[in-house]
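The values are calculated or read from the model by the stated rules, or taken from the named source; none is laboratory data. The structure presented is a predicted model; accordingly, all values stated were derived computationally and were not measured. Don't worry about glycine lacking a Cβ; one is built from the backbone with ideal geometry, like all the others, and counts go over all protein chains shown. Just the protein is used for accessible areas: all its heavy atoms, side chains included, with ligands, DNA and RNA removed. Shrake-Rupley method; radii C 1.70, N 1.55, O 1.52, S 1.80 Å.
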Amino acid sequence: MSNRSRNVVDLTRQSPPIDLSQPYDPDWVSGKTILITGGASGFGEGFFRKWAAHGANVIIGDINDKQGIALVEEVRASTGNKNHHYIHCDVTIWQSQVDFFHQAIKLSPTGGIDSVVANAGINGYGGQPFWDPLGLDADTPPPPNMKCLEVNLIGVTYTAHLALFYLKRNPNSAVADYKVQPAANRPDRHLLLIGSIASLITIPGLTQYNASKHAVLGLFKSLRSTAFMGGLRVNILLPYFVNTPLFQAGGRALLAGNAIATPEDVVDAGTRFMADTRIVGRALMIGPKIKARADNEWEVVPQEDNDGVEMAVREVLVDDFEEVEAFCARLIKLLNFVEATRGWSAVVSDIFAVITYRILVMFGLKR
Ligand SMILES: NC(=O)c1ccc[n+]([C@@H]2O[C@H](COP(=O)([O-])OP(=O)(O)OC[C@H]3O[C@@H](n4cnc5c(N)ncnc54)[C@H](O)[C@@H]3O)[C@@H](O)[C@H]2O)c1
């Protein structure tokens, strides 16, 4: 590992790889105010129930008002905590998300937001497969159904942007520092993104879902490099197929007979991220439970092997900053070299060109 790539890790304040054999205490979520988009069903509902049971104040935003309101009532009754709320929020509409964040801050018992989960997602194409366009005999092709990208990419990008804005504005929040021991009521600035196995692999037929989840991974990789500037920690969950209403809509028949992941394992991995404030810039993939060697989670062993350990959660993209981003660093070095050889006169002439271009546009002499 070169010093330069090590510097990327240090600069971005990324924490060391996660030791999944080490337990964490779910009570560390206690006292946090957590926002979850798409919190009325599936993983969002699972996170809500678990974190509320461990003392967090959870505010969910969803378009399914009936289910969201009923869920909040139930969780308030079971926890005795009135600080759980449902707010209508359509993640595809910017103002709807702004209102969600504004109202949540007013309702938060601490007057701020500690953690945000960009969870809302869909997997549908409105009966119009992207890869098999309909109406080819028409003069002009009908536009594709873009809902999946609107929810999974535009919606998630809005949520991430608002999280960057509001997390550091929380008067009680603390700058992410992986060296500080987690504890209940510890202030936090955490953005948790929900990607998918479709962020990592190609799923034929789920074109827009695949594209949206690859994009969410890109969002994560880029954001984790800059999040330290706002004192934030950003992490991502990458679940394999899990039996939720979303999965039922598309993949059940496709994967009939195959092992799938469990919602409990996804919620557990999400809880580790939420509770353990030492985890910064990390990605966990949640798959079916597979027996593997205790010292190498990628080496599958036979079911009857006594030394094997059943595991569903594995860390991925572990050494990206050392390996993948080191390539980027080399590229930047090349570009810096070009800049250096062009010298200061080139910088001045480029800035001059930008200014004259704007003046020419202003006077209508250039478009
Ligand atoms: N279930 C799986 O197999 C699986 C696997 C990997 C990743 N994921 C991801 O996990 C996340 C949660 O999915 P889930 O499986 O729990 O599905 P789900 O359908 O149970 O929950 C999704 C929630 O998002 C809400 N939602 C949909 N459109 C919305 C909008 N415009 N604004 C606000 N809320 C909206 C829905 O009403 C629902 O409550 C999604 O991002 C999904 O892509 C799911």
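Just a few scattered comments:
- Potential lengthening of the chain between A294 and W94 amounts to 67.4 nm, from the contour at 0.36 nm per residue minus the alpha-carbon distance.
- DSSP-defined beta bridges in the chain - what % are antiparallel, rounded to 5: 30
- Tensor-based shape of the chain (alpha-carbon gyration tensor, a/c under 1.5 rounded, otherwise prolate or oblate): rounded
- Computed over protein heavy atoms with a 1.4 Å probe, the carbon and sulfur contribution to the accessible area of the chain reaches 59%.
- Accessible surface for the chain, divided over its residues, is 51 Å² per residue with a 1.4 Å probe.
- Selection from L237, A183, V216, by position along the positive dipole direction of the stretch 144-252 (Cβ): A183
- Proximal aspartates and glutamates to K66, defined as alpha-carbon separation beneath 17 angstrom and excluding residues fewer than eight positions away on the same chain: E45, E74, D90
- Only helices reaching 27 angstrom along their own axis (Cα) with mean Kyte-Doolittle hydropathy no lower than 0.5 count here, and for the DSSP H runs of the chain these are 324-362.
- Close amide H contacts of M311 (hydrogens built in the peptide plane, cut-off under 5 Å, sequence separation of 5 or more or a different chain): I290, K291, A292.
- Taking each residue as 0.36 nm, the span from D25 to L360 lengthens on full extension beyond its C-alpha to C-alpha distance by 114.4 nm.
- Each of V324, A52, P204 was scored by the projection of its Cα onto the charge dipole of the chain, and the greatest displacement toward the positive side belongs to V324; charges sit on the C-beta of Lys, Arg, Asp and Glu.
- Only the Cβ atoms of Lys and Arg (+1) and of Asp and Glu (-1) were treated as charged; on that basis the dipole of the stretch 129-182 about its Cα centre amounts to roughly 620 debye.
- Additional length obtainable on full extension of the chain from Q181 to S349, 0.36 nm per residue less Cα span: 55.4 nm
- Most positive-pole-ward Cα, G135, V354, Q95, against dipole of the chain from beta carbon charges: V354
- About the centre of its Cα atoms, the chain shows a dipole size close to 1380 debye [charges on the beta carbon of Lys, Arg (+1) and Asp, Glu (-1) only; nearest 20 debye].
- Alpha carbon centroid spacing (whole Å) that separates the stretch 197-245 from the stretch 111-161: 14
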